[in-house]
Amino acid sequence: MKEQIVVMGGGVIGLSCAFELQSRGYGVHVLEIERCGGQASGAAAGMLAPYSENLESPDEFFRFCAESLRLYPEWQRRVKEISGSSFEYTESGSLYVVYHEADMLALEGRMLWQRQHGSSATILQGDELFAAEPQLSRDVHAALLTPEESHVYAPDYVKALEEACLNIGVQIDEQLGSLDLTEWQDGIALRAGDGRVFKGDKLLVCTGAWAQNMSEKLGIRIPVRPIRGQICAYEVQGDLGQTHHMIFSSQGYLVQKANATLVCGASEDMAGFDRTVTGRGIRRLQQWNKKVFPVLELKEPFHRWAGLRPATQDGFPLIGSLNAASRVVMAAGHYRNGILLSPATAMLVADGIEGKEMPEWSYAFRPDRFGAV
Ligand SMILES: Cc1cc2nc3c(=O)[nH]c(=O)nc-3n(C[C@H](O)[C@H](O)[C@H](O)COP(=O)(O)OP(=O)(O)OC[C@H]3O[C@@H](n4cnc5c(N)ncnc54)[C@H](O)[C@@H]3O)c2cc1C
């Protein structure tokens, strides 16, 4: 019989790994102290945008993101089929807008490396640009069109992942209040707030921004910090006509969802584990939003929320098993790209647990690379 895997954390990363591992024949038990999808994963804008999120040059992280985008069409089809639920997956493409002639050189540089790495990116200007996005501000000088990027409706996607997990036999226990690791050398044991003890053969730590809480216990530095993202949405029934692309700029992004809302994000503030939405944070977004779509000048967002992105010290996630505790595997620290990276993370984690050889670029994500406590 294959090993029993206990997954700590029921965000998009924990659920995706659980789904893949159970599909490959492992017995999986997800333990969540609150509600599955109740933290960063349910707050995300759902963009699958490896090119727009990696502006400078392609590194290991970009390769991982691009691989995940490649996996998405089949992955989302599987999740929909097995969960029996639908969620938005839109292959919209994206426009990265710039406002000044002086930005053209950087935009062209980005287009060239994107083309070398699987994109058919082009630069749009003038009539061509405004035909593609008629409501775009006429102050926009040019935009880099990356047709390969897409987006999902994150709350529905995470819900479907949870249902898919349950349908194939993953056990899920939520609202545990607290969960402490009590044994990780000869086996795995965790004690929940209500006194219940959960056991398994391996532990997969997918606790997002809370991953650093395991640092002392496991004896390794886990430099993961919460970065608050404040975000808002407008109702846009008819107002924006045929806005189909995700719009990115140096100040943020806007993405129109199939439910006629325009999701606009997001701030990057350090506020500890505080998820409060501030007037200042949302006003800053509004100032920028109307510079992209002037029609938003007359509108107020109907929904404002925030989530905590798990950021690591070097910007790379922590994925793989620990040298000093081979029963413990980590998958955390996905910062701004956890929704995008969910399929590739699930594959990498499952391949690692099956003992397959890891791709060389994935060594950059070794979870113990920051040394001992
Ligand atoms: C505003 C915003 C917009 C974003 N937009 C995008 C986007 O467009 N595209 C994209 O790809 N990504 C986006 N992200 C990033 C993405 O949401 C995260 O990278 C991703 O959700 C991280 O997933 P996770 O499962 O690691 O963390 P989480 O979703 O935070 O899940 C971690 C879970 O662990 C639980 N937990 C904590 N401690 C314990 C414990 N001791 N025991 C058990 N469970 C525990 C928590 O309750 C939580 O449910 C966005 C994030 C924010 C905040």
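The values are calculated or read from the model by the stated rules, or taken from the named source; none is laboratory data. Please read these numbers as outputs of a predicted model, since none were measured by experiment. Quick reminder, even Gly has a Cβ in these numbers, built from the backbone with ideal geometry, and neighbours come from all protein chains shown. Accessible surface areas use protein heavy atoms only, side chains included; no ligands, DNA or RNA. Shrake-Rupley method; radii C 1.70, N 1.55, O 1.52, S 1.80 Å.
Key figures
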{"item": "In region 185-196, residue farthest from the ligand (Cβ to nearest atom) [restricted to those that are modelled with pLDDT of 95 or more and within 21 Å of Ala324 (Cβ to Cβ)]", "result": "Gly187"}
{"item": "Condition check for Gln171: within 15 Å of the ligand (Cβ to nearest atom), touching a strand residue (DSSP E or B) at 6+ places or on another chain (Cβ under 9 Å) and modelled with pLDDT of 95 or more", "result": "yes"}
{"item": "Leu308 vs. criteria of a type outside the set (S, T, N, Q), in contact (Cβ under 8 Å) with a residue 24 or more places away in the chain and assigned to a helix (DSSP H, G or I)", "result": "no"}
{"item": "Some residue of region 325-334 being assigned to a helix (DSSP H, G or I), more than 16 Å from the ligand (Cβ to nearest atom) and either under 20 Å from the mean Cα position of the chain (by Cα) or not β-branched (Val, Ile, Thr) (or both)", "result": "no"}
{"item": "Every pair of residues 6+ apart whose Cβ atoms lie under 8 Å, when the first sits in region 318-347 and is without any contact (Cβ under 8 Å) to a residue 40 or more places away in the chain and among the basic types (Lys, Arg) while the second is surrounded by 24 or more Cβ atoms within 10 Å (Cβ to Cβ) and not in a helix (DSSP H, G or I)", "result": "none"}
{"item": "Residue in region 265-286 that is touching a Leu at 6+ places or on another chain (Cβ under 9 Å), assigned to a strand (DSSP E or B) and open to solvent by less than 10 Å² (accessible area, probe 1.4 Å) present", "result": "yes"}
{"item": "Helices (runs of 4 or more DSSP H) (entirely within region 6-124) containing at least 3 residues that are surrounded by fewer than 16 Cβ atoms within 10 Å (Cβ to Cβ)", "result": "60-83, 104-116"}
{"item": "Matching entry among Arg110, Arg77, Arg115 (being charged (D, E, K, R) and touching a residue at least 12 places away in the same chain (Cβ under 8 Å))", "result": "Arg110"}
{"item": "Flag if Leu318 is under 21 Å from the mean Cα position of the chain (by Cα) and within 22 Å of His141 (Cα to Cα)", "result": "no"}
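Results for (1) of a type in the set (Asp, Glu); (2) more than 22 Å from Gly229 (Cα to Cα); (3) open to solvent by less than 10 Å² (accessible area, probe 1.4 Å), shown as yes or no for each residue.
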{"site": "Trp288", "(1), (2), (3)": "no, no, no"}
{"site": "Gln313", "(1), (2), (3)": "no, no, no"}
{"site": "Ser326", "(1), (2), (3)": "no, yes, no"}
{"site": "Pro343", "(1), (2), (3)": "no, yes, yes"}
{"site": "Glu354", "(1), (2), (3)": "yes, yes, no"}
